[in-house]
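Participant: Structure provided below as structure tokens; questions to follow.
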Number of protein chains: 2
Amino acid sequence: MNELSRYERQIKQAGLRLTAPRRIILRILEQSGDHPDAAEIFQRAAKMDARISLATVYRTMKVLEETGAVERHAFQGGPARFEQADREHHDHLIDIETGAVVEFTSPRIEELQRAIAEELGYEIVDHRLELYGRKMT
Amino acid sequence: MNELSRYERQIKQAGLRLTAPRRIILRILEQSGDHPDAAEIFQRAAKMDARISLATVYRTMKVLEETGAVERHAFQGGPARFEQADREHHDHLIDIETGAVVEFTSPRIEELQRAIAEELGYEIVDHRLELYGRKMT
DNA sequence: GTAGGTGCAAAATCTTTGCATGGTA
DNA sequence: TACCATGCAAAGATTTTGCACCTAC
């Protein structure tokens, strides 16, 4: 048992068991370029192993979030959507007409955030920046 | 019937009826310095008129949001929380230990957001910036 | 073998909606 | 009076949980 992916190692290092459902869900997250919600992850997982349950998807997402392997987003009130967290940090611009998600980064905004929090007496633990926009023609 | 508040006028100008439940909910929002969710608004409203239903609170919040009288926030996955929208725009820093919400503004961040969206070919319709922090000692 | 994980179904939480009734303009 | 709004209860949508069985370590 040597061919462990980055994620699989992350699971084991957290003292968690590497089960079949977890392997499948991790593979789906690796292959997903989008930001699927629990139901979508469940559907994709069911194609690989029909025995997986939605409850396991939810439990796995919670565990993966706690180990830092995935990020949970709650865009505008729908179901939570997930993405892997190994890449560089980025924020999101959501196309209000198509629902498409464009990723971007801004070190300057990050720095301003840190400075603002510091001024208010806080240390930033997490943050969320989402832009909702319409494509210009 | 002349003593209409800013909000009450906003309701009428939108062609909506100024009913007792709406008056009460509007008064609660005016008096609230915090960011209550629908259940909290309902509880506060019940003290003024026990006949008000939670369904009406939800329906009223939707209407008020559409008329631009209130803003809806979906902080980290809990119930939606509301605040009046007549004040100057601001963002939120949420204390992860107490749940307290600190408001702040940053014109420089706003401008950077606009520039980023423009670069990506988008016009910003709305945005959300939330910092989650821990109080420094 | 044992603690932790899973599947299933029930429940919890948050929000919306159908329908008969009531109140505003 | 004509609609819009309300209350109630039921249904929807999303997420969590109790419990018996299973399986990775």
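The values are calculated or read from the model by the stated rules, or taken from the named source; none is laboratory data. These numbers come from a predicted model, not from an experiment. Every residue, glycine as well, gets a Cβ built from its backbone with ideal geometry; the counts of neighbours run over all protein chains shown. Surface areas here come from the heavy atoms of the whole protein model, side chains and all, with no ligands, DNA or RNA. Shrake-Rupley method; radii C 1.70, N 1.55, O 1.52, S 1.80 Å.
Participant: Going 7 Å from Cα along the Cα-Cβ axis for the label, what nanometre distances separate residue A:67 from the same residue across the other copies?
Facilitator: Label point to label point, same position, other copies: 5.1 nm.
Participant: Using a Gaussian network model on chain B with a 10 Å cutoff between Cα atoms, which of B:91, B:126, B:34 fluctuates the most?
Facilitator: Checking each option, the largest mean-square fluctuation is seen for B:126.
Participant: Need the C-alpha centroid separation for the stretch A:1-33 versus the stretch B:22-61, integer Å.
Facilitator: 46
Participant: Let me ask you something else. What size of dipole, in debye to the nearest 20, comes out for the stretch A:91-133 about its Cα centre when the only charges are +1 on Lys and Arg C-beta atoms and -1 on Asp and Glu C-beta atoms?
Facilitator: Dipole about the Cα centre, nearest 20: 40 debye.
Participant: Buried accessible area between B and A (1.4 Å probe, both chains summed, ligands and nucleic acids excluded), in Å² to the nearest 100?
Facilitator: Rounded to the nearest hundred, the buried surface is 3200 Å².
Participant: May I pose another question? Whole number please: convex hull volume per residue, Cα atoms of the stretch B:25-130, in Å³.
Facilitator: Spelled out: Cα convex hull of the stretch B:25-130, divided by residues, is 121 Å³.
Participant: Is there a pair in A:12/A:62; B:12/B:62; A:62/B:62 whose C-alpha atoms are over 27 Å apart, and which pairs would that be?
Facilitator: The pairs that break the limit, which is 27 Å between Cα atoms, are A:62/B:62.
Participant: List the residues whose amide H sits under 5 Å from the amide H of residue A:85, counting only those 5 or more places along or on another chain, with H placed 1.01 Å from N in the peptide plane.
Facilitator: The list, which skips near neighbours in sequence, is A:70, A:71.
Participant: Something else: Residue by residue through the stretch B:123-130, which ³J(HN,Hα) values in whole Hz follow from phi under the Karplus form 6.51 cos²θ - 1.76 cosθ + 1.60 (θ = phi - 60°), with glycine and proline marked x?
Facilitator: 10, 6, 9, 7, 7, 9, 10, 10
Participant: Let me ask something else. Can you tell me the Rg and the Dmax, both Å, for the Cα atoms in the stretch A:91-133?
Facilitator: 12.8, 39
Participant: Explain nothing, just compute: Karplus ³J(HN,Hα) = 6.51 cos²θ - 1.76 cosθ + 1.60, θ = phi - 60°, for every residue of the stretch B:96-106 in order, whole Hz, x for Gly and Pro.
Facilitator: Karplus-based 3J(HN,Hα) across the stretch B:96-106 equals 6, 8, 10, x, 4, 10, 9, 9, 8, 9, 8 Hz.
Participant: Quick one: which residues, 5+ away or cross-chain, put their amide H under 5 Å from the amide H of residue A:127? H built at 1.01 Å from N.
Facilitator: Residues meeting the amide H criterion: B:132.
Participant: OK, next. From the label point of residue B:16, set 7 Å along Cα to the beta carbon, how far off in nm is each other copy's matching point, shortest first?
Facilitator: In nanometres, ordered from closest: 4.3.
Participant: Taking the label point as lying 7 angstrom from Cα along the Cα-to-Cβ axis, what are the distances from residue A:27 to the corresponding position in the remaining copies, in ascending order and in nanometres?
Facilitator: When each copy's label point is compared with this one, the spacings are 6.3 nm.
Participant: Quick check for you: with a 1.4 Å probe and neighbouring chains kept, what is the accessible area per residue of the stretch B:15-67, in Å²?
Facilitator: Ligands and nucleic acids excluded, the result is 57 Å² per residue.
Participant: Quick one: with all protein chains in place, what share of the accessible area of the stretch A:92-136 is carbon or sulfur, to the nearest percent (1.4 Å probe)?
Facilitator: With neighbouring chains kept in place, the figure for the stretch A:92-136 is 49 percent.
Participant: If you don't mind, there's one more thing I want to ask. Counting only Cα, what are the radius of gyration and maximum Cα-Cα distance Dmax of the protein assembly as shown, in Å?
Facilitator: 21.7, 79
Participant: What percent does the relative contact order of the stretch A:3-84 come to when contacts are Cα pairs within less than 8 Å and at least six residues apart?
Facilitator: Once normalised by length, the contact order is 31 percent.
Participant: Along the charge dipole of the protein assembly as shown, Cβ charges K/R +1 and D/E -1, which of B:101, A:56, A:113 sits furthest on the positive end?
Facilitator: A:56
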